[in-house]
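First up is the structure itself, then whatever we jot down about it.
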Amino acid sequence: MSATNFGFTDAPVEDGSRTITYIAAISEALRQEMRRDPDVLILGEDVGGEFGGAFKVTKGFEAEFGRNRVMNTPLAELGFTGVANGMALMGLRPVVEMQFADFISSAFDSIVQFAATAHYRFGGAVPWVIRAPCDGGIRSGPFHSQNPEAWFVHTPGLKVVAPATPADAKGLLIAAIRDHNPVIYFESKPLYRSLKGYVPAGEYVVPIGKANLVRAGEDLSIITYGAQVREALQAAARLAAQGISAEVLDLRSLKPLDTEAILATARKTGKVLVVHSANQLAGVGAEVAALIAAEAFEWLDGPVQRLGGLDTPIPFSPPLEDAYRPNAEKIYAAAQALAAF
Amino acid sequence: MAEVTLATHQRLELYYWMLLTRVFDERMLALWKQGRGVGGTFSQRGHEAIAVGAGYALGPDDVVAPMHRDLGCYLLRGLTPRRIFANLLGRATGVTAGRDANLHGLGDLSLGIVGFVSHLPQSLPTALGMAMSFVYRHEPRVALAFTGDGASSSGLFHETLNMAAVWNAPLVLLVENNQYAYSTPLHEQMKVFDIAPRAEIYGIPGIAVDGNDVEAVYAVTHEAVARARAGGGPTLIEAKTMRMLGHAIHDGAEYVPPELLAAWAQRDPIDRYRAHLLSEGAADQAELDEIAHRCEVEVEDAIAFAESSPWPDPAAVQQGVYAE
């Protein structure tokens, strides 16, 4: 682990002082890939013009790349995701901005029925990326806070990634764009402007399917991804003050899962807490827990525990949303209980 | 109505592709009745002129997203009867090597064909995306998508027409209005029985055509393709026909009034075209008999090939989910 990059990326440190926000890292990856490869283009609602997207990720892109490569779409997620399917079949590499991850349900058929099956059925590669701004904690209510990754992890033919740091946001997006398959890229809105970190200026790839051990520990493992990595690290720091040594594994990639890294940490500490913002029932954590139960049972010193969102729509009002969603405080409490088992 | 001149050899090609479709279809249904089929399958009867007439209007570099009643289009684009029959029987030599069923998924991008999914409206934005890739790369190519009257009720039908119009895409959308979506008749599907006029609200041309007249289907599609290629934007074509058999092989279609089928039987696209070619002197009976013989030989060969082809290896079940 390098102090300068907080252990969050495998990329070499050129200038440890170059820190940018998570959202700036996303923009940088897109801009660099569009400069490198003329087949990369962007489409989505409000992405073009001076506006540059609801979160301004593509601000200035139309001026640099032209309207042909920064396509404003009508409000039709199912349709424009289908358009991305057709473009990708012809060898283009569309990066679709789903304005909020919540809206991805409107595009479901185009993703899970067409894109996910095309290569298996007739060898039609669909190399697109859907950027899906996800997660809550920012008081946005039931339709601007969701984490729908489990639907897609359950779908053969897709890849799913969820970066937790600025460096991974850039490197995983570059990897997703260069991948020959449909990749859903869940970017965590709560990290957009609140998380800064070291990001290499040049191009680099964080390989899809590789987890990252962001904190080593002895007593228990916290396995998580996305915005909950930051929460888990805060919890681990507090646990350390109590004499509990927690390891934190950032999955980075949800499909494929890095089963080797998951089993390694489970076998090392013997106690595992899986955390995610998405509701717990039938979430990614269930798959991780089942994997550990099947493959690392004899190493376990306690039941694999999960901490996820409640099985409710995501409420708006701060006390309600805080009751719904995992955070450092809840992770701390759950880890403390597990450590005492 | 668009005016086109077809040379005699082209007219005989149209006849050949339609008849090949019919012979394939009849032999397929016979095989299924003998219990030699695998799973379900879809009859083409009533759709031959649409699939062939529209498909024939495309250039070699154009792309097409046909559906499950467009066997003639797959054939004329270059998928061989052997590969298609092997697909029907789930064999390793089929187009999808046993992965997708019957006519589903019959895609071969080297032939400009996209394999459709059961959610038929999906073909529409896919074809639009292909069309927009041609705009993106400044290529003079056109995309054609087929869909049905049932699919015209879906939101995706609207989404695609609207986007295609806004983007002035080189796209032709063809609705095969065959009066029934499975068991649901047109009057339970829509208030206005004509689909082509919907084009007007998107600001694009909408043209209805007799789907049992192969030269008429060819002519309107040819005109739409030429307009799209010249930068004139998308066209909606509605080809009216009748699905003469059930939705799929298991379906006796008892819900269809017999008098409706009897009326449409008088307008069989292949019988009509045969009479037309003979009356115009484009061909004599001996030439048409020769074509029929050729179709029968090809289909018998395809069946023999498919039935003697190996099953896919179960060990391959997980291969190909992802592109490497």
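No value in this document is a laboratory result; all are computed from the given coordinates. Remember, it's a predicted structure, so these values are computed and weren't measured experimentally. With ideal geometry, Cβ positions are generated from the backbone for all residues, glycine too; neighbour counts draw on all protein chains shown.
Using just its DSSP H runs of length 4 or more, each adding -39500 (n - 2.57), chain A gives a mean residue ellipticity at 222 nm of -9500 deg cm²/dmol after division by all residues. Residue exposure proxy: B:M130, A:M98, ordered by other Cβ atoms within 10 angstrom of their Cβ from fewest to most, comes out as A:M98, B:M130.
Net length available on complete extension from B:H276 to B:V317 is 9.8 nm, with 0.36 nm assigned per residue and the Cα-Cα distance removed. With no solvent and one equal point scatterer per Cα, compute the Debye intensity ratio I(q)/I(0) for the protein assembly as shown at 0.06 Å⁻¹ and report its log10, rounded to two decimals. The calculated log intensity ratios at q = 0.06 Å⁻¹ are -0.40. The length gained on full extension between A:L310 and A:K210, counted as 0.36 nm times the residue separation minus their Cα-Cα distance, comes to 33.2 nm. Three semi-axes describe the equivalent ellipsoid of region A:212-339; taken as square roots of 5 times the Cα gyration tensor eigenvalues and ordered largest first, they are 22, 17, 12 Å. Neighbour counts of C-beta atoms inside 10 Å place A:R36, A:R267, B:R99, B:R243 in the sequence A:R36, A:R267, B:R99, B:R243, starting with the fewest. Under 20 Å from a label point set 7 Å out along the Cα-to-Cβ vector of A:W299, the amide N atoms of region A:266-284 belong to A:266-275.
With contacts taken as Cα pairs under 8 Å at a separation of at least 6 residues, chain A carries a relative contact order of 17 percent. With a 10 Å cut-off around each Cβ of A:86-98, the average count of Cβ atoms from other chains is 5. Computed over region B:12-310, the quotient of the alpha carbon radius of gyration and 2.2 N^0.38 Å is 0.96. Proximity of backbone amide H atoms, modeled 1.01 Å from N, is registered between A:L307 and A:V274, A:V275, A:H276 at under 5 Å, excluding neighbours fewer than 5 places apart on the same chain.
Each of B:Y180, B:Y202 was scored by other Cβ atoms within 10 Å of its Cβ. Listed from fewest to most, they are B:Y202, B:Y180. Once backbone amide H atoms are built at 1.01 Å from N, A:V40 has A:R93 as its partners under 5 Å, excluding neighbours fewer than 5 places away on the same chain. The amide H of A:L254, built 1.01 Å from its N in the peptide plane, has A:V160, A:V161, A:A162 as neighbours under 5 Å, considering only residues 5 or more places off or on other chains. Of the complete DSSP H runs in chain B, those spanning 18 angstrom or more by Cα along the long axis with a mean Kyte-Doolittle score not below 0.5 are B:123-136. Per-residue ellipticity at 222 nm, computed for chain B from helices alone with -39500 (n - 2.57) per DSSP H run of at least four residues, works out to -13500 deg cm²/dmol.
If the Kirkwood radius is taken over C-alpha pairs of region B:1-87, then at 25 °C and 0.890 mPa s the Stokes-Einstein diffusion coefficient equals 177 µm²/s. Based on C-alpha pairs under 8 angstrom that are at least 6 apart in sequence, region A:212-339 has a relative contact order of 30 percent.
Here r is the Cβ-Cβ distance between A:F143 and A:A282 and R0 is 22 Å; the resulting FRET efficiency, rounded to 0.05, is 0.60. Anisotropy class assigned to region A:19-198 is rounded, per the alpha carbon gyration tensor with a/c under the 1.5 cut-off.
Note on A:A337 and A:Q113: the extension gain reaches 76.4 nm, defined as 0.36 nm multiplied by sequence separation minus the Cα-Cα distance. Tell me whether region B:67-156 comes out rounded, prolate or oblate; compute the Cα gyration tensor, take square roots of the eigenvalues as a ≥ b ≥ c, and use a/c under 1.5 as the rounded threshold. Judged from the Cα gyration tensor, region B:67-156 comes out oblate (a/c at least 1.5, b/c at or above a/b).
For chain B, the relative contact order comes to 23 percent (Cα pairs under 8 Å, sequence separation of at least 6). Across the cross-link table entries A:K170/A:K271; A:K210/A:K268; A:K196/A:K330, which are compared at the Cα atoms, the separations over 30 Å belong to A:K170/A:K271.
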